[in-house]
Amino acid sequence: MRAEVTESVSPPTTGRACAGHLPASLVADLRTDHAGETGAVMIYRGILATSQDAAVRAFAHEHLATEAHHLATIEWLLPPRQRSRLLPLWRGAGWLTGALPALIGPSAVFATIEAVETFVGRHYTEQIELIDQLDPGANDTPLQTLRTQLDSFRADEVQHRDDAAARFDAHLAQPSLLLGLWIRAVGAGSRAAVQVCRWI
């Protein structure tokens, strides 16, 4: 069944001037962010493609809109030549990460999203801490503009994590061995993808 997805994406409020004036390490970080937000959009599309649960679909639609905005903003900041060359892989992996647990049921979806967003929140935190080391206490610089944007993204991802965790608890779900293995695989895959995206 084809999922009907409408994504409302607000135009970015920052300019593309950011990426051209950043240290190479932060450009690499933005490349991982772009790949990650691409994957996040596809996770929710995968959920919508396979889940018939009304609550899960409402959850996915809500969070898909936020992730689509993140992706649009990073695409504005990061020129195409600096993006990962493996985007088809990240799209496919993201779609499967959403679609497979949605075939099992709501608890698997919410546990998966909690795991993904826990990783993403930490990833953004690491980037913010790096910016603080490179540009401590400065105001109105490209780095501080980027920091503000990433901090906003982090807050959104943490909210997604907490929402998924609360919904998982509301189902009175107990993590099974299989679900635990799946969550470990999701975490390991996320870490590996970040390392690859820093270079490719």
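Some observations on this one:
- Where only DSSP H runs of four or more residues are counted, the chain gives -26000 deg cm²/dmol as its mean residue ellipticity at 222 nm, each run worth -39500 (n - 2.57).
- Cα-based helix-to-principal-axis angle, 87-104 vs the chain, degrees rounded to 10: 30
- Ranked list, fewest to most other Cβ atoms within 10 Å of each Cβ, for Trp76, Trp182: Trp76, Trp182
- By definition, a body whose alpha carbon gyration tensor gives a ≥ b ≥ c is oblate when a/c is 1.5 or more and a/b is not larger than b/c, and region 44-98 fits this oblate description.
- Bins of 5 Å, starting at 0 and running to the largest distance - Cα pair percent for region 23-197: 1, 9, 17, 22, 20, 13, 9, 5, 3, 1
- Spin-label model, Thr141 to Arg57: label points 7 Å out along the Cα-to-beta-carbon direction sit 4.9 nm apart.
- 0 to 90° range, to nearest 10: angle between helix 24-50 axis and the chain longest Cα axis: 20
- Per-residue Cβ neighbour rank within 10 angstrom, fewest leading, Thr32, Thr73, Thr148: Thr148, Thr32, Thr73
- Whole-number percent relative contact order across region 23-197, with pairs defined as alpha carbons under 8 Å at least 6 apart: 28
- Length added when fully stretched, Arg81-Glu126, from 0.36 nm per residue minus Cα-Cα: 13.8 nm
Read-outs: derived from the displayed coordinates by stated rules, not from any lab. Since the model is a prediction, treat every value here as computed from it, not as a measurement. Cβ sites come from the backbone with ideal geometry, for glycine too, and all protein chains shown count toward neighbours.
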